[in-house]
Amino acid sequence: MVLDNSLRTLLDANKPTLGTHFMFTDPDIPELIGDTGCFDYGEFTAEYSAFDMPLLYNLARAGQCGNLPLMIKPDQENQGFVTQAAMGAGFKAVLFTDIRSVEDVDIAHRIIRPD
């Protein structure tokens, strides 16, 4: 089952979006943020957080419960692994860090492109 990506819908319609960052690893946080109805997306700043793979699934599920699409900001060193895990868990967007060259963009595209 493919769930709607309300963030993508807003971007495709050229509408502004408002998001918030969170570093907490408690899955209640994205659900609470979504329940406020104030934000179009939540960004989990994984770059500055300690977490494991099951947490990504719990965060994504909690975001879905609060109708909040989640974005992940992975650390550059392990961005491929973390991004693939987050997208598989249900995160709707990725904010890659330290994009400084065309090669960095190519790497980011390879990471998120389905096989």
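To the nearest ten degrees, helix 102-112 and the longest principal axis of the Cα atoms of the chain are 50 degrees apart.
Sparse packing (at most 16 other Cβ atoms within 10 Å of the Cβ) combined with a DSSP loop state is found for the following trypsin sites (Lys or Arg not before Pro) in region 78-115: Arg100. Projecting the Cα positions of Ile112, Met23, Val94 onto the charge dipole of region 20-112 (unit charges on Cβ atoms of Lys, Arg, Asp and Glu, taken about the Cα centre) puts Ile112 furthest along the positive direction. Taken about its Cα centre, region 29-99 carries a charge dipole of roughly 220 debye when the Cβ of each Lys and Arg holds +1 and the Cβ of each Asp and Glu holds -1.
For the residues Ala93, Ala13, Ala62, a GNM of the chain with alpha-carbon springs under 10 Å puts the largest fluctuation on Ala13.
Kindly list the residues of region 9-27 that lie in the label zone of Ile99, defined by a backbone N under 19 Å from the point 7 Å along the Cα-to-C-beta vector. The answer is 9-21, whose backbone nitrogens lie closer than 19 Å to the label point. Averaging the sequence gap over all C-alpha pairs within less than 8 Å and six or more residues apart, then dividing by the number of residues, gives the chain a relative contact order of 23 percent.
Seen against the Cα atoms of the chain and their longest principal axis, helix 79-89 is set at about 30 degrees. Given springs between every Cα pair under 10 Å in a Gaussian network model of the chain, which of Ile72, Ile33, Ile99 has the largest fluctuation? Highest fluctuation among the options: Ile99. Can you tell me the orientation of helix 53-65 relative to the chain, as the angle in degrees between its alpha-carbon axis and the longest Cα principal axis, to the nearest 10? Roughly 40 degrees between the two axes.
Rule-based calculations on the coordinates, nothing more; no lab input. The model shown is predicted, which means the values in this text are computed figures rather than measured ones. Neighbour counts run over all protein chains shown; Cβ positions are idealised from the backbone, glycine included.
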